[in-house]
Amino acid sequence: MPELVLLKHCQESAVLTIDDYLKVGGYQALRKALFGMKPEQVTEEVKKSGLRGRGGAGFPTGMKWGFIPKNLDKPRYLVVNADESEPGTCKDRVIIERIPHLLMEGIAIASYAIGTHRAYLYIRGEYYDQALILEKSIHEAYQHQYFGKNIMGSGFDLDVHLHRGAGAYICGEETALLESLEGKKGWPRLKPPFPAVSGLYGCPTVINNVETLASVPSIIEKGADWFAALGTPKNGGTRLYAVSGHVKRPGTYELPLGIPLREIIFNYAGGMKDDKAVKAVIPGGTSCPVLSGEEIDVKMDFDSVAAIGSMLGSGGVVVMNEDTCMVKVLLRIARFYAHESCGQCTPCREGTTWMRKILQRIHDGNGQQKDLEVLMDVAYNMMGTTICPLSDAAALPVRSFVQKFRKEFEYHVYEKACDVGLVRA
């Protein structure tokens, strides 16, 4: 069994209350940081650990912290992104539901490292029960002087506020999240300036994902070298893989970065239901290019998955068997992105709708000979042409599905039917 970082204390039951967390050594890493390390030493330790953002982009966390200007006469902010809305992803929810004070401790350490005295935790609107857990955890942290004035007698002050979103996928994009947090429409901002320079209320801001911050206490407690050794070069630690689809044991598994995808499916998720063949796998949430069944020996770290043309993303592993209609799957994905496009940028607003309509026509048996070329052309022209990555997130699945399963799409177009499950001589 691989060594655990995030879920090591809650295998049998949830560690929900602060008393539960203190019994397993909680907040000792915060004590070590406050009384034994300077803020820049904390940042350097996180840099050395190889921790990369677990929200999807995989940007080095310590480097992001280091971008905060040192001599700027403005407040600084930490914003926690708990707007977990990527289809196929549910790993932040596991942390919140099973060990919320690990996140609280990570927030406090990160705030100390970047020199902020105010942190905002932005959670998606649909996570109602999870928001109640976080409210209680924040209250408990204040009661025990891990948040508030002069925390643990260190002279460091920190206030933490919970903010509930209203259920918009776009607010998972960091600048749209900031707009929403400021009380405005959740539309992404043009960059530069980047949030590290001009973020919340025009002030330097670090935005980190829940899983990212929950990894920080273990780095401070056991050291960067220990954490880095759990993964692969430049991909330190473990991560949570949310495995769904046609597997015998769907669930969220904490495993080292670099573990082969085949091992996740067959060793941990129990293999395929009814022992059917793997046809396709989405490796990191629906915005990631799909992998064929022949590509599942890839190592599940950011660099290895990128090397074969996909992304590790948010760790949402969706496994599909031989009986899956890829046209139907792609149509569902396209519907989602057409619905969730904020409408700010024309290529995304119009392109997502066009792709949905074309795929609906193909799926319904009304496809035309030119549809696949038009579909690919629309997707190509959506790439890199908008303020935020949602346009790319919608286009990448279309391009990869059609490229890797083109014969199936052509059958729908020319035969006006689905060929999945047909036995032909």
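Within segment 387-412, can you find the residues that are in a helix (DSSP H, G or I) and either under 26 Å from Glu173 (Cα atoms) or of a type in the set (Gly, Ala, Ser) (or both)?
Passing the criteria: Leu390, Ser391, Asp392, Ala393, Ala394, Ala395, Leu396, Pro397, Val398, Arg399, Ser400, Phe401.
Hey, does segment 16-32 have a residue that's in contact with a Lys or Arg (Cβ under 8 Å, 6 or more places away or on another chain) and among the hydrophobic types (A, V, I, L, M, F, W, C)?
yes
Could you run through segment 58-76 and say how many residues are among the hydrophobic types (A, V, I, L, M, F, W, C), surrounded by fewer than 16 Cβ atoms within 10 Å (Cβ to Cβ) and within 27 Å of the chain's Cα centre (by Cα)?
3
What residue, among those in segment 7-25 that are among the aliphatic types (A, V, I, L, M) and more than 25 Å from the chain's Cα centre (by Cα), is surrounded by the most Cβ atoms within 10 Å (Cβ to Cβ)?
Ile18
Taking Ala196 as meeting all but one of (1) touching a residue at least 40 places away in the same chain (Cβ under 8 Å); (2) part of a helix (DSSP H, G or I), write down the number of the exception.
(2)
Looking at this structure, is Gln145 without any contact (Cβ under 8 Å) to a residue 60 or more places away in the chain, assigned to a helix (DSSP H, G or I) and of a type outside the set (A, V, I, L, M)?
no
For segment 343-376, which positions are assigned to a loop (DSSP other than H, G, I, E, B) and either among the charged types (D, E, K, R) or exposed (fewer than 15 other Cβ atoms within 10 Å of the Cβ) (or both)?
Residues satisfying the conditions are Gly343, Asp364, Gly365, Asn366, Gln368, Gln369, Lys370.
So which of Glu140, Glu45, Glu126 is open to solvent by 10 Å² or more (accessible area, probe 1.4 Å), acidic (Asp, Glu) and under 20 Å from Ala228 (Cα atoms)?
Going through Glu140, Glu45, Glu126 in turn, the sole match is Glu45.
Hey, among the residues in segment 377-386 that are surrounded by 19 or more Cβ atoms within 10 Å (Cβ to Cβ) and assigned to a helix (DSSP H, G or I), which one's farthest from the chain's Cα centre (by Cα)?
Taking the candidates together, the pick is Val378.
Looking at Lys32, is it open to solvent by 20 Å² or more (accessible area, probe 1.4 Å), closer than 30 Å to Asp129 by Cβ and among the basic types (Lys, Arg)?
No, not satisfied.
Among the residues of segment 315-332, write down those that are open to solvent by 10 Å² or more (accessible area, probe 1.4 Å) and under 11 Å from Gly88 (Cα atoms).
Of everything in segment 315-332, just one residue is open to solvent by 10 Å² or more (accessible area, probe 1.4 Å) and under 11 Å from Gly88 (Cα atoms), namely Val318.
Any residue at all in segment 15-28 that's more than 16 Å from Ala214 (Cβ to Cβ), out of contact with any strand residue (DSSP E or B) (no Cβ under 9 Å at 6 or more places or on another chain), part of a loop (DSSP other than H, G, I, E, B) and at pLDDT 90 or above?
Looking for residues that are more than 16 Å from Ala214 (Cβ to Cβ), out of contact with any strand residue (DSSP E or B) (no Cβ under 9 Å at 6 or more places or on another chain), part of a loop (DSSP other than H, G, I, E, B) and at pLDDT 90 or above, one finds at least one in segment 15-28, hence yes.
Any residue in segment 150-172 that is open to solvent by 40 Å² or more (accessible area, probe 1.4 Å), part of a helix (DSSP H, G or I) and at positive phi?
Yes, that holds for at least one residue.
Is there any pair linking a residue in segment 298-327 that is within 13 Å of Ala280 (Cβ to Cβ) and of a type in the set (S, T, N, Q) to one that is open to solvent by less than 50 Å² (accessible area, probe 1.4 Å) and in a helix (DSSP H, G or I), with Cβ under 8 Å and at least six apart or on different chains, and which?
Short answer, once both residue conditions are applied: Ser310/Ser400.
So which pairs qualify, if the first residue must be in segment 392-409 and farther than 21 Å from Glu86 by Cβ and open to solvent by less than 10 Å² (accessible area, probe 1.4 Å), the second must be among the β-branched types (Val, Ile, Thr) and assigned to a helix (DSSP H, G or I), the Cβ gap must be under 7 Å, and the two must be at least 6 apart or on different chains?
Phe409/Val327; Phe409/Ile362; Phe409/Val402
Report the residue count in segment 112-148 for those that are among the small types (Gly, Ala, Ser) and within 21 Å of the chain's Cα centre (by Cα).
Adding up the residues that qualify gives 3.
Taking the condition buried (at least 23 other Cβ atoms within 10 Å of the Cβ), touching a Leu at 6+ places or on another chain (Cβ under 8 Å), without any contact (Cβ under 8 Å) to a residue 60 or more places away in the chain and of a type in the set (Val, Ile, Thr), does Ile114 pass?
It is false that Ile114 is buried (at least 23 other Cβ atoms within 10 Å of the Cβ), touching a Leu at 6+ places or on another chain (Cβ under 8 Å), without any contact (Cβ under 8 Å) to a residue 60 or more places away in the chain and of a type in the set (Val, Ile, Thr).
Would you tally the residues in segment 77-111 being open to solvent by 10 Å² or more (accessible area, probe 1.4 Å), assigned to a helix (DSSP H, G or I) and of a type outside the set (A, V, I, L, M)?
Residues meeting the conditions: 3.
The values are calculated or read from the model by the stated rules, or taken from the named source; none is laboratory data. Computed from a predicted structure; not experimentally measured. Every residue, glycine as well, gets a Cβ built from its backbone with ideal geometry; the counts of neighbours run over all protein chains shown. Keep in mind that these areas ignore ligands, DNA and RNA; they rest on the heavy atoms of the full protein, side chains included. Shrake-Rupley method; radii C 1.70, N 1.55, O 1.52, S 1.80 Å.
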